[in-house]
1. Identify the residue in segment D:212-228 that is within 10 Å of another protein chain (Cβ to nearest Cβ) and buried (at least 24 other Cβ atoms within 10 Å of the Cβ) and, among all such residues, is farthest from residue D:298 (Cα to Cα).
2. Going by the structure shown, is residue C:78 of a type in the set (Asp, Glu), open to solvent by less than 30 Å² (accessible area, probe 1.4 Å), assigned by TED's automatic domain parsing to the domain that holds residue C:347 and in contact (Cβ under 8 Å) with a residue 12 or more places away in the chain?
3. Which one of the conditions (1) in a helix (DSSP H, G or I); (2) open to solvent by less than 30 Å² (accessible area, probe 1.4 Å); (3) closer than 23 Å to residue D:302 by Cβ; (4) at pLDDT 90 or above does residue D:12 fail to meet, given that it meets all the rest?
4. Would you check which residues across segment C:317-341 are farther than 16 Å from residue C:289 by Cβ and part of a loop (DSSP other than H, G, I, E, B) and list them?
5. Quick check: anything in segment B:182-189 open to solvent by less than 10 Å² (accessible area, probe 1.4 Å) and in a loop (DSSP other than H, G, I, E, B)?
6. Quickly run through segment B:47-62 and pick out the residues that are within 18 Å of the chain's Cα centre (by Cα), within 20 Å of residue B:1 (Cβ to Cβ) and either open to solvent by 30 Å² or more (accessible area, probe 1.4 Å) or outside the structural domain of residue B:3 (by TED's automatic domain parsing) (or both).
7. For segment D:219-253, what are the residues that are among the hydroxyl-bearing types (Ser, Thr, Tyr) and farther than 25 Å from residue A:93 by Cα?
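The values are calculated or read from the model by the stated rules, or taken from the named source; none is laboratory data. Remember, it's a predicted structure, so these values are computed and weren't measured experimentally. We place every Cβ from the backbone using ideal geometry, glycine too, and count neighbours over all the protein chains shown. Just the protein is used for accessible areas: all its heavy atoms, side chains included, with ligands, DNA and RNA removed. Shrake-Rupley method; radii C 1.70, N 1.55, O 1.52, S 1.80 Å.
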Amino acid sequence: MVELVQLLFAGLTTGAVYALVALGFTLIFQASEVVNFAQGEFVMLGGMVTVFAMKAGLPLPLAALLAVLVAVATGLLLHRLAIEPAKGATVVTLIIVTIGASILIRGLAQIVFDKQFHALPAFTGDEPIRLLGAAILPQSLWVLGGAAAIVLGLWLFMERTLLGKAVRATAANRLAAELVGIDTRVVLALAFAVSAAIGAVGGILVTPITLTSYAVGTLLALKGFAAAMLGGIGNPVGAVVGGLLLGLLESFAAGWISSTYKDGVAFLVILLVLFALPQGLLGRRAVERV
Amino acid sequence: MSLLEARGIGIAFGGLRALDGVGFAVDPGEVLAIIGPNGAGKTTLFNVVTGLYRAQSGEVRLEGRDVTGLPPHVLAARGLARTFQNLQIFFRMSALENVMVGRHLKERRRLWAELLGLPSVLAENRASRARALELLAFVGLAERAEEPASALPYGALKRLEIARALACEPKVLMLDEPAAGCNPVETEEIDRLILAIARKGTAVVLVEHDMKLVMRISDRVLVLDQGRPLAEGTPQQVRSDPRVIEAYLGRLGLEAAHAAA
Amino acid sequence: MNRRRLIFGAATASFLLPVAVVAAEPIKIGSFLSVTGPASFLGDPEKRTLELYVEKINAAGGVLGRKIELVIYDDGGDANNARTFATRLVESDKVVAVVGGTTTATTMAAIPVLEDAQIPFISLAGGIEIVEPVKPFTFKTPHTDRMACEKIFEDVKKRGFTKVGMISSTAGFGASMRNQCLKVAPERGIQIVADERYAPGDTDTTPQLNKIKASGAEVIVNADFGQGPAIVTRNVRQLGLDLPLYQSHGVASKSFIDLAGPAAEGVRLPAAAMLVAEQLPDDDPQKKVVLDYKTTYESTQKQPVSTFGGHAYDGLMLLVRAIEKAGSTDGVKIRDALRATKGFVGTGGVVNMSPTDHMGLDLSAFRMLEIRNGNWKLLY
Amino acid sequence: MAPGTRTKLLVLGALGLVLLLVPLLLPSAFHLRVAALVWINAVAALGLALLMGLAGQVSLGHAGFMGIGAYATALGPKHLGLDPLLSMGAGILLAGALAFLVGRPILRLKGHYLAVATLGLGILVHLVLVSEVPTTGGPDGIQVPRLELFGIRLVGPELWYWITGITLLLAAWLALNLEDSSTGRALRALHDSEIAASVVGVDVARAKLVVFVIAAVYAALAGGLFALFNRFVTPDVAGFLRSIELVTMVVIGGMGSILGAVVGAALLTVLPQALTLFHDYEHAVLGLSIILFMVFLRQGIVPGLAALVTRRRPA
């Protein structure tokens, strides 16, 4: 029982980060069908900028705000300077552009920051909380709570605001959205900005637990992508479910099956899920119209 | 025994019955038209018969053999070819290559020979090419053979699909709205093509909205309404069937009368 | 040769090329390092050290009256790149010797190229296979992973424990050390009761540690460098495991203590003397060398010193000494001089090489440290 | 467009010419090594170009097949005492068999789902290579014995330059032939419309499987060549980053263009060597270059330049 709770929280904490990255993927995918492989770099920027801003003397809240702004600016620049000029290119071409962007951002980060690992102090102390015998870090609760708040905020934005509805309309049918007067360019820019912000917040929340360095983005992009596909891309709920599930899979596979092959177990499950449900767990099943 | 026979086809999408107890039969050289208002289930029927959708009830027989639920490529091998209402063109290929793909089943595909580019493969390429050129000439696209399909106008693409389907040398050709979006000249062209195809002994099943075309070339007409068969018979019989007039032709017949006047 | 011809010759030479340059054509030393990628944690300080000390040596007049020209390539941690760069160093840059190879994999990939070209190569990686069996032109400066295992197990036994739970990264360093530890454990009377692993970049190891806890282990040994050990250390404390925790020489940099925070208290590890330079007794032969390097590095680079940079320092100094002793830049002569190294005091220990020992360090080069009050404490 | 016999000869002629010229212009062992790496990468990229460019199916795990080829070549002699060349053949068969076995279920997936499934496949292969240390040597890599043919040791960059170059030429020839065949047309057809291809009789599942197996075989061949040439392999050869690199080669060179795959492989292999000039900035410049190439030549280098030339000179 103790072990179960421990594994559960380990999986959920890791999974929450995957979920946030997957959510970032989903937003940009909805607006453009592009899988943005630079998504992990936003998480990296969130953590690294906060670390260096704090070193420069800023208090945590200000440093975090600055980090989110830097990530959003990076996201907007990525859209304006790389995605927008390649407008009309195939989806695969745009994906390669985002891969190039991720190499570029990482390349700049290693110069602007450094190549060391860095930590942030936990927001509310390091003393583990005992829950049913398991030891939970307070920061894990920050991560879970923060992720939940982001998901809720995003849901409210999508459902309750005009801009959010424009994003959803664009996702449903870009041409139709354009016909009713939605500037899909703005929607896409917005998607990049929001994705970047979500990634950065995730990076800030999780750095006290996981540490950060200029190179953490690649692996997160990979895992986040897998999580988004497991949940069914294009579905924000799917992204969250996929992310949490991937985290849990890794944790329980490490605890119960084999720590060496835990990533293998996770991907094996993803393969099996896709064989059974080719659109992911919650993806839209499209009937091909001819 | 008819060449192609569908009986009691029923299919539902999420509770919505798209087809219910529909059937038809067609013989070599015969032209069967399937008509009905939008949403009557015409294209769905095509998709079931050609293996794209799996029906929940009913059966399809080709030359007396049960072919229900067989995948499209197997049905193609048995002699069933079709075109699409919304074009399905290979846009990355030339017009000629589009038709050459239609020769797929007639080509002997031995991967090793193909990889090595053996003379037999080259000879086969030449043969497919020659046959495709003939077909393009038949549909009036000979001069545009080498153009990329993406450069052809809509009407030409409709005929390109017919040529591609004919390249399979089908026993039954199923045409889904071959004249949709075509101008009167193009429509007449397609009219001529269909009759020529039928004369060679191919059974033709077509879905069409252009009533003039239907009345002119069909041997028999099947009328669907809301997924159910409404009437079947010669163009004359259907035209004078009171149910059809009431449910369907009444409105259209009036329009036709206006157009004729 | 009569005097006139000599003058004529000199005049011609000075016409074609400035005399000074002819006389002091620089000595080219090559390097390939994992400056980026997963091992950048090691490669970065190595690069900084090489650049820093080549500059210092040149400012002091160079070697054999010639300046050193350093050619460094970043292999990104990829063995294939390392081999390509090794070829480039040999073929295009025509270096006389190579100091580099951050990881065992990059080193092993480059060895055949450098051996074929008879270019002396001093590796900065830990793997024992680099010098065992001995290859004619290949040397290394760091202690081997096996020595780290032996040192740790020695201490474990001293404390009266025998049951060890291993937790290691699947990446190069961790995997290599894990293998060595599994190998030497029986010889040292140690029983490995758990053998858990995690992937590089993993951010939570509590599932693995839970299994170790259940295995009845008396101590935990973690083999990895970079981010992993800090996470393992924090997780151990998070779970409240009161088992002694050993880290490896892979964490031998102050940043580990910063990253692991208070959880690092009481962690023990084998490491080179550098981390405890100030605590060394004054009669320790290494004290001066280690203090000098530490102050030089920290004052110029504005970051805490690590033993990894020290490996590069030792490699460069060994090479410079050998070139001076050989009085030549001929590969075979440098190699012979390297092999004859005796009593060289480096940051890693006192080096005594021989034709059968191309590393020249023994277990005494490792010190056992414990982290106390956020700092290293020299135990013995 | 299918290559006619003339285009075919043109492509092969151009490749052959480059093959002859490189050793004359850049004779050093370093340059020949880089060139040989280009040819090896090009073989793998070529297979992927058939899968992606011709059939429109993406694979983010293609390096996994390279890894199988490379490690079979390394492990056969070590553990089974097999001849390296024989082991390489076995590795190619193994990769083909694996592709055949997993191909059907995987290729039912479309687009990004296919991408993540192939990604998982590649990661599983990489994981085995990294983890099974007693067999594979783990992350520190493994030595590959020298290749001997009839008692002659095949060593030296020049020899390997020719072995890899001629292999590439053959691989390109086979690929060009395939493009211009019934199967090739079927693949290009299903790229545009699987439904239309199936109703003219193309067994879409089988056609995809065929090209997937071919692509796997090409990758394994490249991996085997790499192992023999390099005489040392690490699991990096099968890593996720290598897979991404292969895809980038295909896209940057121009999807669906045989020559494009070679140009893409050349660019991404040579660029890092050239970028050492920028020292600390090399990664930033590499990323920037990829973005610029894709923005300005969005169809890829070869088709993009071809379009520029034809626009200048209206036919």
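1. Going residue by residue through segment D:212-228, those that are within 10 Å of another protein chain (Cβ to nearest Cβ) are D:213-214, D:226.
With the extra rule that they be buried (at least 24 other Cβ atoms within 10 Å of the Cβ), the set shrinks to D:214, D:226.
Values: D:214: 27, D:226: 30 Å.
Among residues in segment D:212-228 that are within 10 Å of another protein chain (Cβ to nearest Cβ) and buried (at least 24 other Cβ atoms within 10 Å of the Cβ), the one farthest from residue D:298 (Cα to Cα) is D:226.
2. Spelling it out, it is not the case that residue C:78 is of a type in the set (Asp, Glu), open to solvent by less than 30 Å² (accessible area, probe 1.4 Å), assigned by TED's automatic domain parsing to the domain that holds residue C:347 and in contact (Cβ under 8 Å) with a residue 12 or more places away in the chain.
3. Of (1) in a helix (DSSP H, G or I); (2) open to solvent by less than 30 Å² (accessible area, probe 1.4 Å); (3) closer than 23 Å to residue D:302 by Cβ; (4) at pLDDT 90 or above, only one is false for residue D:12: (2).
4. The answer is C:327, C:328, C:329, C:330, C:340.
5. The initial filter retains those residues of segment B:182-189 that are open to solvent by less than 10 Å² (accessible area, probe 1.4 Å), namely none.
No.
6. Across segment B:47-62, the qualifying residue is only B:61.
7. D:234, the sole residue that qualifies.
Quick grid of which residues meet (1) open to solvent by less than 30 Å² (accessible area, probe 1.4 Å); (2) more than 10 Å from chain D (Cβ to nearest Cβ); (3) in contact with a strand residue (DSSP E or B) (Cβ under 8 Å, 6 or more places away or on another chain):
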| residue | (1), (2), (3) |
| --- | --- |
| A:10 | yes, yes, no |
| A:17 | yes, yes, no |
| A:40 | yes, yes, no |
| A:53 | yes, yes, no |
| A:73 | no, yes, no |
| A:93 | yes, no, no |
| A:111 | no, no, no |
